[in-house]
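To start, the structure under review is shown below, and the notes come after it.
The values are calculated or read from the model by the stated rules, or taken from the named source; none is laboratory data. Please read these numbers as outputs of a predicted model, since none were measured by experiment. Note that each Cβ is placed from the backbone with ideal geometry, even for glycine, and that neighbours are counted across all protein chains shown.
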Amino acid sequence: MTKPKRDISEPKTLAEYLRLFFTGFAMGAADIVPGVSGGTMAFILGVYENLINAINSFNLDAIRLLLQLKISALLEYVSVRFLLALGLGLATAILLLSSFLSSTMDDPGGKVLLFAFFFGLVLASILTIGFKVSWSASAGAIFVVGAAAAFIIVNIVPAEADHSAPTLFVSGMIAITAMILPGISGSFMLLIMGQYDFVLSAVSNRDLPPIIAVGLGAVVGIILFSRVLSHLLKHYYNLTVALLVGFMAGSLWKIYPWKACLESDFDRHGDFRCLVERNVAPDASSENFALAIILLIAGFLLVNLLDHLQSKDNFIFRLISR
């Protein structure tokens, strides 16, 4: 696999700013849904490695520039324009869509449609990125490890937990680590740790103390973990991408749209909550089956279109053009 340039592409035109904003918006929308990762959206939309490098730029050199009051040099060094455009899109999606996606997830029919669209997105991502990996025995083994790890994580039964500031801080660290890994959802990690409903409610109600605690944990977690990812991408690029594709493949089990609930309970609000699900064959006679299939295909084609616009060499478009 050809290793891309490590330089971070700073936006210069309005079109580039808007592209980053809507990329961040897609990441934020994905991160709200348990089972879908914002990191997957970053991978799909071609900003993943730039994002890791930009986060990784918050280091001792950046602190030195700050202490020397070289603000202009600091802003350029840490890629503020790139991060700001992406971050504004992400924050906008979370603020605007948290209530809508929360209610959609509570509606069985709406959840099927939402997961069908994301299933198409992730399936296409696995194929488009997987076709660019130089597959070998070691890459295949790493892929299997990633898929198995993601499969185990998405099948963990959610726990009950307290919502103290230290717990929320640690939850933010873990969630953001998952959030920037394609295939492992930060919101699902919050669900496993018993924090998802509480944090989503805090965001919807603009309850600042828990938001700040989770946010601080996320900042610390992403700065630390980005260094690990940056090192892996620099020295083991092909194997790391194979691992990330494996994460996405393992997560497909969680976002498969059609499920039956095996075990359930009620959350702290008295609302029904499914703990253990089983994937089932879809009912072709159901009223939303056709729409779910259309959304799945739309998500699949959308990713391939975006990949083709960037690479000009998407395998689906090559097949269509023959």
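For the stretch 209-265, filtering for residues that are in a helix (DSSP H, G or I), basic (K, R) and out of contact with any Ser or Thr (no Cβ under 8 Å at 6 or more places or on another chain) leaves 2. Of the candidates R268, R273, the single residue that is at pLDDT below 90, of a type outside the set (D, E), more than 30 Å from N56 (Cα to Cα) and out of contact with any Asp or Glu (no Cβ under 6 Å at 6 or more places or on another chain) is R268. Among the residues here, L74 qualifies as assigned to a helix (DSSP H, G or I), surrounded by 13 or more Cβ atoms within 10 Å (Cβ to Cβ) and more than 21 Å from the chain's Cα centre (by Cα).
Within the stretch 294-322, residues that are modelled with pLDDT under 85 reach partners that are assigned to a loop (DSSP other than H, G, I, E, B) and buried (at least 17 other Cβ atoms within 10 Å of the Cβ) with beta carbons closer than 7 Å, at six or more positions or on different chains, in the pairs N304/N314; L306/L45; D307/N314; H308/N314; Q310/G46.
Note on the stretch 128-157: residues that are aliphatic (A, V, I, L, M) and either in a loop (DSSP other than H, G, I, E, B) or under 17 Å from the mean Cα position of the chain (by Cα) (or both) amount to 9. Condition check for M189 on (1) free of Cβ contacts under 8 Å to residues at least 40 places away in the same chain; (2) in contact with a Gly (Cβ under 8 Å, 6 or more places away or on another chain); (3) in a helix (DSSP H, G or I): one failure, at (2). Only residues that are at pLDDT below 80 and either of a type outside the set (A, V, I, L, M) or surrounded by fewer than 16 Cβ atoms within 10 Å (Cβ to Cβ) (or both) were counted in the stretch 86-106, giving 7. Out of R206, R227, one residue alone is basic (K, R), free of Cβ contacts under 8 Å to residues at least 60 places away in the same chain and more than 19 Å from I255 (Cα to Cα). It is R206.
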